[in-house]
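The values are calculated or read from the model by the stated rules, or taken from the named source; none is laboratory data. Computed from a prediction, not measured in an experiment: that's the story for all the values here. Cβ atoms come from the backbone with ideal geometry, glycine included; neighbour counts cover every protein chain shown. These accessible areas exclude ligands, DNA and RNA; they are computed on the full protein's heavy atoms, side chains included. Shrake-Rupley method; radii C 1.70, N 1.55, O 1.52, S 1.80 Å.
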Amino acid sequence: SSDVCSSDLRERLALTEEVTDRIYAQVATAKVKALGDKAVEALEAKAKADQAAQKKNAGEQDADGGSASGLEGAALVGEISNLLEFASGARLLSDDGATCAATLRGQVEDRVVKELYRQYLVEGFSGGQPELQAKLFGGMGKLAAVLGLNAQEAQLVQNELGSLIYRQYLGKALQSNGPLGAQDEAFLGNVKDTLMLEADKCDETIKEIGRAHV
């Protein structure tokens, strides 16, 4: 097995387990950085495509802005998936997936780390394909670990995104349809459960937006 081979090699080179672990971590960290850089490039491309799509919606851009934004979003998910697959394949993640031996934290700006996590979640809600959504949301915890976000930081990003989704969705739904229907409540419930939002705060947001549209 690979464990036996690595053990034999370590003995032949007269290296301690601590030294080999440190060397492995350094190599893994460099690979995480390389894959992370590609994800950051995709993130920047998506941001530009999103801006183009917004201009298109305002009547200032040609007709392909929205499709370009979707393509860049898919590319971002692909690069992040490559990062996750490497971390899993290299056994960098703990058994529960809560921590990672080599992370992107400290190798790129903190705001970029958080934005990678945020946009990954955005793509999860934008996909419209149940299997893809399940895969993306199923990897939330592992991605946070690989990025170097602790549980509180990840939840803060989830709370901010959840609040934005609630407010935007409720504003449009109440303006066009009046009272919320079963489909609306199911969507909002899915957002709440997926992002692990506090039920009381979600209910208060619904009441607040509802009062504003009375």
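Of the residues 103, 136, 88, the one whose Cα sits farthest towards the positive end of the charge dipole of the stretch 67-140 is 103 (charges of +1 on Lys and Arg Cβ, -1 on Asp and Glu Cβ, taken about the Cα centre).
When Lys and Arg each count +1 and Asp and Glu each count -1, what net charge do the other residues less than 13 Å away from residue 157, Cβ to Cβ, add up to?
Neighbourhood net charge equals -1.
Mind checking the angle between helix 151-177 and the chain's longest principal axis? C-alpha axes, 0 to 90 degrees, to the nearest 10. The helix 151-177 is inclined about 20 degrees to the chain. The stretch between residue 132 and residue 94 holds 11.3 nm of extra length on full extension. This uses 0.36 nm per residue minus the Cα-Cα distance.
Please work out whether the chain counts as rounded, prolate or oblate from its C-alpha gyration tensor, where a ≥ b ≥ c are the square roots of the eigenvalues and a/c under 1.5 means rounded, while otherwise a/b larger than b/c means prolate and anything else oblate?
Judged from the Cα gyration tensor, the chain comes out prolate (a/c at least 1.5, a/b above b/c).
With charges only on Cβ, +1 for K and R and -1 for D and E, what is the dipole size of the chain about its Cα centre, in debye, rounded to 20?
Working: 23 positive and 33 negative charges, 67 e Å.
Value, rounded to 20: 320 debye.
Of the GluC sites (Glu not before Pro) in the stretch 90-170, the ones in a loop by DSSP (not H, G, I, E or B) with at most 16 other beta carbons within 10 Å are 109.
Computed about the Cα centre, the dipole magnitude for the stretch 86-186 is approximately 140 debye when only Lys and Arg (+1) and Asp and Glu (-1) carry charge, each at its Cβ. Placing 95, 110, 50 in order of accessible area, with the largest value first and a 1.4 Å probe, yields 95, 110, 50. Placing dummy labels 7 Å off each Cα toward the beta-carbon, the span from residue 18 to residue 118 is 4.2 nm. Spatially close Lys pairs in the chain, defined by Cα atoms under 17 Å apart and a spacing of eight or more places or different chains, total 14. Return one number: the angle in degrees, 0 to 90 and rounded to the nearest 10, between the long axis of the Cα atoms of helix 182-194 and the longest principal axis of the Cα atoms of the chain. That works out to roughly 30 degrees.
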